[in-house]
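**Q** Sharing a structure with you now.
The values are calculated or read from the model by the stated rules, or taken from the named source; none is laboratory data. The model shown is predicted, which means the values in this text are computed figures rather than measured ones. Virtual Cβ from ideal backbone geometry, glycine too; neighbours counted across all protein chains shown. Ligands, DNA and RNA are stripped out before the accessible areas are found, and what is left, the full protein with its side chains, is counted by its heavy atoms. Shrake-Rupley method; radii C 1.70, N 1.55, O 1.52, S 1.80 Å.
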Amino acid sequence: MRILVLGGDGYLGWPTAMHFSRRGDDVFVVDNFTRRTGHIERGTDSLTPISPLMDRVAAWRQIAGRDITAEVVDITDFTRLRSLVKDFAPDTIVHYGEIPSAPYSMIDRDHAWETQRNNVEGTLNLLFAMHEVAPDAHLVKLGTMGEYGTPNIDIEEGYLDIDHNGRTDRLPFPKLPGSFYHLSKVHDSHNIHFACRVWGLRATDLNQGVVYGLHTDETELDDRLLTRFDYDEVFGTALNRFCVQSVIGHPITVYGSGSQQRGFLNIRDTLQCVELASRAPAAAGEMRVFNQFTEAFSVMELASEVCSAANSLGYNARIEHCVNPRVELEDHYYNPTHTGLLQLGLKPRLLSEELIETMLHTVERFKDRVSLRAIAPATQWR
Ligand SMILES: NC(=O)c1ccc[n+]([C@@H]2O[C@H](COP(=O)([O-])OP(=O)(O)OC[C@H]3O[C@@H](n4cnc5c(N)ncnc54)[C@H](O)[C@@H]3O)[C@@H](O)[C@H]2O)c1
């Protein structure tokens, strides 16, 4: 398979590129380093030292004996994106290339605008490029479970059968996103749905939960192949931050009561899901939607898991609640469906104490790189 990975320098993109390359697929990676420059702007960095993209590619060639083609392209540059798609002629386009942070989009107007401009414009460009020069390619687009928010009903996979005034239809599931970032994903989903209906494109929208873990079969081969591990308040995720806090002796800070629930999955399962979706493409004209997570936890449950794993390793971890900087429901109903990927063959790897211990060991290795200043929540939703 010829596979184009947009955002292939990112947390998920780089492991995805190696995963497909190792399986013999022809991989082309595109990135414009927005994530790296976002960290420079905020004065933060990945805990794991990550190599420059071209060094990663060279290390991969040396270690795996396989080539990954990489080019620095901003996908909001339509002319370059179109010619790249035309020349490479991908079977599959895995699109990770967006600004993925809710707090970043909530800093102020400029960051909200930049997140929506970058994400909506990039995806729109891609749809036009596919329509013009690669109409049979399959788009595998990373959306988020955050598009749905936390409605007081079961969340279906993308669509809802509705009875209204005696008539029925299957319509896109209503969305209640919780940040300007999540809204950018909702706008993308609408644009993709429209392009499938009108131009007959084929797409899979993967509404992904929060991903944890930093090792895959490929990143483990050599430190030069490591992926990023962000723990700061803007780009980091709760589980990463809790691990870092436990190792450096900082209280584990839970926003509000911690009863907010979210879907989660292991990074290895992200690769499995993206591969399963890629090898069984959507039909022409179809926007298929999968809810891509394997289990749901409350923030408090996550904090307790990390606290107990850390204490069993001899750290002195404890949990503290802080004022929630976000505007979100803390006590809510949460029952999202996630059967589509299981039916395609997903074998979930659930969160375990062993995995949290592995993360704690990695944090211990790089703890001298922790910036305390980066941890406290500074971005307010109000
Ligand atoms: N990591 C998660 O927990 C998670 C959860 C749900 C959804 N997602 C989605 O998955 C995708 C990947 O997430 P990630 O955690 O790997 O994020 P990431 O920031 O590490 O990766 C995204 C990559 O895209 C690149 N990029 C952004 N805008 C670009 C542009 N205009 N042109 C070219 N490259 C561009 C960035 O430089 C970065 O390397 C994102 O779309 C994100 O919204 C991630």
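**Q** Is it the case that I50 is farther than 28 Å from E114 by Cα and either touching an Asp or Glu at 6+ places or on another chain (Cβ under 6 Å) or part of a loop (DSSP other than H, G, I, E, B) (or both)?
**A** Details: farther than 28 Å from E114 by Cα: no; either touching an Asp or Glu at 6+ places or on another chain (Cβ under 6 Å) or part of a loop (DSSP other than H, G, I, E, B) (or both): yes.
Criteria not met by I50.
**Q** Which ones in the range 48-75 are out of contact with any Leu (no Cβ under 9 Å at 6 or more places or on another chain) and open to solvent by less than 50 Å² (accessible area, probe 1.4 Å)? Write out each step before concluding.
**A** Taking the range 48-75 as the starting set, the residues that turn out to be out of contact with any Leu (no Cβ under 9 Å at 6 or more places or on another chain) are 52-55, 57-58, 61-62, 65-69.
Within the range 48-75, L53, V57, A58, I68 qualify.
**Q** While we're on this one: Within the range 362-373, is even one residue hydrophobic (A, V, I, L, M, F, W, C), open to solvent by 40 Å² or more (accessible area, probe 1.4 Å) and either farther than 22 Å from S259 by Cβ or in contact with a Cys (Cβ under 9 Å, 6 or more places away or on another chain) (or both)? Explain how you work it out, then say what you get.
**A** Residues of the range 362-373 that are hydrophobic (A, V, I, L, M, F, W, C), as a first pass: 363, 366, 370, 372.
From what is left, the residues that are open to solvent by 40 Å² or more (accessible area, probe 1.4 Å) are 372.
Those left that are additionally either farther than 22 Å from S259 by Cβ or in contact with a Cys (Cβ under 9 Å, 6 or more places away or on another chain) (or both): 372.
Yes.
**Q** A further question follows. With the condition kept exactly as written, say whether any residue in the range 161-172 is crowded, with 22+ Cβ neighbours inside 10 Å, modelled with pLDDT of 95 or more and not basic (K, R). Before you say what the answer is, go through the steps one by one.
**A** In the first step, residues of the range 161-172 are kept if they are crowded, with 22+ Cβ neighbours inside 10 Å; the result is none.
No, every residue in the range 161-172 fails to be crowded, with 22+ Cβ neighbours inside 10 Å, modelled with pLDDT of 95 or more and not basic (K, R).
**Q** How about the range 25-38: which of its residues are of a type in the set (D, E) and more than 8 Å from the ligand (Cβ to nearest atom)? Break it down into steps so the answer makes sense when it comes.
**A** First, pick out the residues of the range 25-38 that are of a type in the set (D, E): 25-26, 31.
Residues satisfying the conditions are D25, D26.
**Q** Tell me which helices (runs of 4 or more DSSP H) are completely within the range 233-350 and hold 3 or more residues being under 30 Å from A378 (Cβ atoms) and in contact with a helix residue (DSSP H, G or I) (Cβ under 6 Å, 6 or more places away or on another chain), or say none if there are none. Lay out the reasoning, then the answer.
**A** Details: elements: 238-248, 267-279, 299-312, 340-344.
Here the list reads 238-248, 299-312.
**Q** Pick from the range 232-242 the residues that are away from the ligand (no atom under 11 Å from the Cβ) and open to solvent by 10 Å² or more (accessible area, probe 1.4 Å): which of them is farthest from F180 (Cα to Cα)?
**A** R241
**Q** Six or more apart or on different chains, Cβ under 8 Å: which pairs go from a residue in the range 221-243 that's under 17 Å from A17 (Cβ atoms) and among the aliphatic types (A, V, I, L, M) to one that's at pLDDT below 95 and within 13 Å of the ligand (Cβ to nearest atom)? Could you list them?
**A** L226/L214
**Q** Inspect all residues belonging to the range 17-24 and state whether any of them is open to solvent by 10 Å² or more (accessible area, probe 1.4 Å), near the ligand (Cβ under 9 Å from one of its atoms) and without any contact (Cβ under 8 Å) to a residue 60 or more places away in the chain.
**A** Narrowing the range 17-24 to residues open to solvent by 10 Å² or more (accessible area, probe 1.4 Å): 19, 22-24.
From what's left, near the ligand (Cβ under 9 Å from one of its atoms): none.
Checking the range 17-24: not a single residue is open to solvent by 10 Å² or more (accessible area, probe 1.4 Å), near the ligand (Cβ under 9 Å from one of its atoms) and without any contact (Cβ under 8 Å) to a residue 60 or more places away in the chain.
**Q** Moving on to the next point. Restricting attention to the range 206-231, which residues are open to solvent by less than 10 Å² (accessible area, probe 1.4 Å) and polar (S, T, N, Q)?
**A** Those that are open to solvent by less than 10 Å² (accessible area, probe 1.4 Å) and polar (S, T, N, Q): N207, T216, T219, T227.
**Q** Another question, if that's okay. What residue, of E353, E295, E330, is among the charged types (D, E, K, R), open to solvent by 20 Å² or more (accessible area, probe 1.4 Å) and touching a strand residue (DSSP E or B) at 6+ places or on another chain (Cβ under 7 Å)? Break it down into steps so the answer makes sense when it comes.
**A** On the way: E353 fails: touching a strand residue (DSSP E or B) at 6+ places or on another chain (Cβ under 7 Å); E330 fails: touching a strand residue (DSSP E or B) at 6+ places or on another chain (Cβ under 7 Å).
Residue meeting the stated conditions: E295.
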